[in-house]
1. Hey, what number do you get for the chain at 222 nm if only DSSP H runs of n ≥ 4 count, each worth -39500 (n - 2.57), divided across all residues, to the nearest 500?
2. Using amide H atoms built in the peptide plane, which far-off residues or other-chain residues are under 5 Å from GLN152 H to H?
3. Would you mind classifying region 221-360 by shape? Square roots of the alpha carbon gyration tensor eigenvalues, ordered a ≥ b ≥ c; an a/c under 1.5 is rounded, otherwise it is prolate if a/b is larger than b/c and oblate if not.
4. Kindly state, to the nearest 0.05, the FRET efficiency for VAL202 paired with VAL310, given R0 = 45 Å and r defined as their beta-carbon distance.
5. Any idea how far the Cα center of region 250-268 sits from the one of region 69-129, in Å?
6. Taking 32 Å as the cut-off for C-alpha to C-alpha distance, list the pairs among LYS241/LYS271; LYS241/LYS265; LYS168/LYS358 that go past it.
7. Could you go through region 335-349 in sequence order and give the Karplus-derived ³J(HN,Hα) for each residue, using 6.51 cos²θ - 1.76 cosθ + 1.60 with θ = phi - 60°, rounded to whole Hz, and x for Gly and Pro?
8. Taking 22 Å as the cut-off for C-alpha to C-alpha distance, list the pairs among LYS42/LYS125; LYS42/LYS166; LYS125/LYS169; LYS125/LYS206 that go past it.
Amino acid sequence: MIPCSTPLAQYEAYRDEIDLAVRSVLESGHYILGPQLTAFEKEFAHYHGLAHCVGVANGTDALQVALVACGIQAGDEVITVAHTAVATVTAILQAGATPVFVDVHPDFYTLDASQLEAAYSPRTKAILPVHIYGQACDMDPILQFARERNLQVIEDCAQAHGATYKGKKVGTFGQVACFSFYPTKNLGALGDGGALLTADPVLAEKARLLRSYGWAERYISHIHGWNSRLDELQAAVLRVKLPHLDADNARRQKLAYFYSQALGKTFSLPKVAPENGHVFHLYALRHQRRNELQEFLRSQGVQTLVHYPVPVHLQPAYTRFGRSLPVTEALAREELSLPLFPQLTEDEAQAVVSALLKFA
Ligand SMILES: *Cc1c(COP(=O)(O)O)cnc(C)c1O
């Protein structure tokens, strides 16, 4: 079976470097809030040309810490999309705020800025755009809308490490940006991990306190915080992988281009907005008979996944935030993610294409 993604292949690709890094952490005796984390935070911030990075336990926590650090609280509304990992919405609720959903753009599947006005209320405090599948949102109209109404912009970059909008990396547009290092992400740890990025030293300091009991010094909580830290082992693994991120993304792009060239006449392919550098966390096809296609591909030895089978606003836990989101709902019926990860071989990609063309 050709897998949709496989973190094991990522480990194997950098095994020697990773083993060495892990060993050195094990032998250092320093496992939490140590030199690996400090170094990774510096390197990840530098990769984005920003001053501050704060490592946390996972991507959901990165969003929650960001929201709380931005002063978002109970009674506040945060505009976001329902076409996303449920984590985006979980974090808003964990911060005590209320998610207000807008639909996504019919071609690019990212937040449709033309719908912000209808979702806005005097309680709106922030916009949380999600750079879904590895493609940046159209940030200019989002930033303009936010500026005009004095809203914060918190970017969800969990699927878009290294993606660009008008030549600038995602994560550098809002007040703060949030990343996940879940093992299958474009930059993945060997376990859970996450981080926030910001240019604002005050926000960064607040995030640092929030992730570790509100401590500015040991045992003294200056604000109410909790425990959400990126540990030394994961930080060391991420330091090995970060220098390979651009090459890994280039490989994803090459494979995506191969798929698009081969499938263009027969399938509804992912579109890339002209101002975007898409890093193809996922290669998302659309097909009217999606379930049948998925079943057929499985019979041909090709694993695919659906992102996402039930949009957040239709999931039992969240129906109270429901509104009609036709593009989001169509995607839930039609989207299919093909195998795509840097170690996928040309032969495997060709086998995926052959199986798809057999169905068409
Ligand atoms: C993966 C993901 C998250 C959450 O990250 P975790 O590390 O799994 O908590 C948030 N938002 C999006 C869009 C994601 O894809």
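The values are calculated or read from the model by the stated rules, or taken from the named source; none is laboratory data. Only a predicted model underlies this, so the values are computations on that prediction, with no experimental measurement involved. Here the Cβ is made from the backbone with ideal geometry for all residues, glycine too, and neighbour counts use every protein chain on show. The protein model used for the area step is the full one, side chains on, heavy atoms only, and it has no ligands, DNA or RNA in it. Shrake-Rupley method; radii C 1.70, N 1.55, O 1.52, S 1.80 Å.
1. Working: 13 runs with 141 residues, N = 360.
Estimated from H runs of four or more residues: -12000 deg cm²/dmol.
2. Residues meeting the amide H criterion: ALA126, ILE127.
3. Details: a/c = 2.11, a/b = 1.23, b/c = 1.71.
Since a/c reaches 1.5 but b/c is at least a/b, the shape of region 221-360 is classed as oblate.
4. Working: r = 39 Å, r/R0 = 0.86.
The value I calculate is 0.70.
5. 31
6. Details: LYS241/LYS271 28 Å; LYS241/LYS265 36 Å; LYS168/LYS358 40 Å.
Pairs exceeding the cut-off: LYS241/LYS265; LYS168/LYS358.
7. Going residue by residue, I get 6, 8, 9, 7, x, 7, 7, x, 8, 4, 8, 4, 4, 5, 4 Hz, with x marking Gly and Pro.
8. Values: LYS42/LYS125 30 Å; LYS42/LYS166 24 Å; LYS125/LYS169 24 Å; LYS125/LYS206 18 Å.
Pairs exceeding 22 Å: LYS42/LYS125; LYS42/LYS166; LYS125/LYS169.
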